[in-house]
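Below: the structure, in structure tokens.
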Amino acid sequence: MLDHTPEIPVAQLMRQRAGINHFKKVLLGNKHCPGEPQTRLVMNEIERLLETSTLDPRTWQNWFNPEPPRARSDAIACLDQCAAELPNLGTKRRNFYQELMVGGLVRQLLKPTQSKSPESALRQRAREYIPITNLHLHFDAVDVAALAVGNGSVDWETLKAIAAERLMELLHLLWSPRAGRIYSTFSSDLKLSWDISSDSERVEMRRVLDSFSPPAFDAWMDKPPRPDAETLSDLRDLSASQVHRILFGLAADTEFLRADRLEAWSLDLSSATLALHAFAWANRYEIFVHHVEPEAIYLDALESLFYRDGDAEDMLQFLSRAHELGRFAWTPGSYEKLVCARSTYEAFLSDLGVSPAMVSAAIMGCEAAHPIIVKKN
């Protein structure tokens, strides 16, 4: 039976669309058409993977309607069962789609608490929350930017700030120039060169590297890449609350930002944008009305990059102001990388059947619910 719950909030709708399109892309590979149900192909693949399925073809078809029903837990469980049989998902993570489509940080923070210190309890929940992937983290960031309600005696501003701070901590753990965890997951410089080389070039590369004592080919192939330390020297000791500056600063190392590194950086820079927006809106009178300059300037630059439709000159002006403020070691190539981050992010969302405009709409819901009101004397 279908759950015909009325209108799904924009942020939740994005999670659901992203989940079903991500599943379909993993399931169908190059045959995936974003936003299209492709019901027969999907059902055939599910039948091939599972002996029995709890996902009805009509349910799958209806998920792609402009105003879809909420996804039921048993149907989402079918996606996770299939994911466990798919080697190209990466690893067999439990509840990948359950967490992506109906889970996340905000859902954890909105659960009722019986604690006598509810704010402390919610802060503890936030500290314990770890997203499965940076895809999950990104939709957590959308949820947090859209958050406009509190939890019991904990008001919405406090809850929003708690969630935004946790997102910043998670991004900092990944991208800190000193000990970031994400760098070990990237393809090595040699692997990137190997992938675009001809057979004869590969033979020569292996010959040269294996002439070392001990042979260096395997070690270099597995060596995690690191961004240029000199260009990031002023960013190494920044706190989690400044992770947007760290990610901005990485644009200085244009050689580092390519292939899988560019994709991950683009997504996490957009997540940092949403986290900063959430934090700024939770403290909107201090930051926007009383002109706490750094956050406002960085937020203008980041939002113009990812979520505003202004012309290129406007975006360049905002980026230039951030460049001047942050004293980043950017070059003309850095600006090109930032523009590339925008197009990479747009393509990423498009593959999931969503768009930056939907993200903007989710954010606007919070701003409409809690506008900035400046009292006149």
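The values are calculated or read from the model by the stated rules, or taken from the named source; none is laboratory data. Just so you know, these numbers come straight off a predicted model, no measurement behind them. Note that we place each Cβ from the backbone using ideal geometry, even for glycine, and neighbour counts take in every protein chain shown.
Against the definition (in the same structural domain as G19 (by TED's automatic domain parsing) and surrounded by 16 or more Cβ atoms within 10 Å (Cβ to Cβ)), how does Y97 come out, yes or no? Yes; evaluated as a whole, the condition is true for this residue. Scanning the range 27-56 for residues that are buried (at least 18 other Cβ atoms within 10 Å of the Cβ) and among the hydrophobic types (A, V, I, L, M, F, W, C) turns up L27, V42, I46, L55.
When the range 30-56 is filtered for residues that are assigned to a loop (DSSP other than H, G, I, E, B) and not charged (D, E, K, R), the ones remaining, listed by number, are H32, C33, P34, G35, P37, Q38, L50, T52, S53, T54, L55.
Sub-9 Å Cβ pairs linking a first residue in the range 22-40 that is touching a residue at least 40 places away in the same chain (Cβ under 8 Å) to a second residue that is of a type in the set (S, T, Y) and surrounded by 14 or more Cβ atoms within 10 Å (Cβ to Cβ), at least 6 apart or interchain, are H22/Y97; F23/Y97; P34/S350; G35/S350, ordered by first then second residue.
Going through (1) of a type outside the set (G, A, S); (2) outside any loop (DSSP other than H, G, I, E, B); (3) surrounded by fewer than 19 Cβ atoms within 10 Å (Cβ to Cβ) one by one, I162 falls short only on (3). Does S320 satisfy the condition of being surrounded by fewer than 16 Cβ atoms within 10 Å (Cβ to Cβ) and either of a type in the set (S, T, Y) or not in a helix (DSSP H, G or I) (or both)? Yes. Against the conditions (1) farther than 17 Å from H138 by Cβ; (2) of a type outside the set (D, E); (3) touching a residue at least 12 places away in the same chain (Cβ under 8 Å), S200 satisfies every one except (3). Please go through the range 57-71 and pick out each residue that is out of contact with any Phe, Trp or Tyr (no Cβ under 9 Å at 6 or more places or on another chain), crowded, with 16+ Cβ neighbours inside 10 Å and part of a loop (DSSP other than H, G, I, E, B). Scanning the range 57-71 gives W63, F64, P68, R70.
Table: residues versus (1) within 18 Å of the chain's Cα centre (by Cα); (2) buried (at least 21 other Cβ atoms within 10 Å of the Cβ).
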| residue | (1), (2) |
| --- | --- |
| I246 | yes, yes |
| R258 | yes, no |
| L269 | yes, yes |
| E295 | no, no |
| G310 | no, no |
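Only a single criterion out of (1) of a type in the set (K, R); (2) over 22 Å from the mean Cα position of the chain (by Cα); (3) at pLDDT 95 or above is not satisfied by R70, namely (3). L27 - would you say it is among the hydrophobic types (A, V, I, L, M, F, W, C) and either in a loop (DSSP other than H, G, I, E, B) or under 23 Å from V354 (Cα atoms) (or both)? Criteria met by L27. I'd like to check something: does the range 121-134 contain any residue that is free of Cβ contacts under 8 Å to residues at least 12 places away in the same chain, in contact with a helix residue (DSSP H, G or I) (Cβ under 9 Å, 6 or more places away or on another chain), not polar (S, T, N, Q) and not in a loop (DSSP other than H, G, I, E, B)? So far as the range 121-134 goes, yes, one or more of its residues are free of Cβ contacts under 8 Å to residues at least 12 places away in the same chain, in contact with a helix residue (DSSP H, G or I) (Cβ under 9 Å, 6 or more places away or on another chain), not polar (S, T, N, Q) and not in a loop (DSSP other than H, G, I, E, B). Each residue in the range 104-120 was checked for being touching a helix residue (DSSP H, G or I) at 6+ places or on another chain (Cβ under 9 Å), of a type outside the set (K, R) and at pLDDT 95 or above, and 7 pass. The set of residues in the range 352-377 that are over 14 Å from the mean Cα position of the chain (by Cα) and assigned to a helix (DSSP H, G or I) comprises A357, M358, S360, A361, A362, I363, M364, G365, C366, E367, A368, A369.
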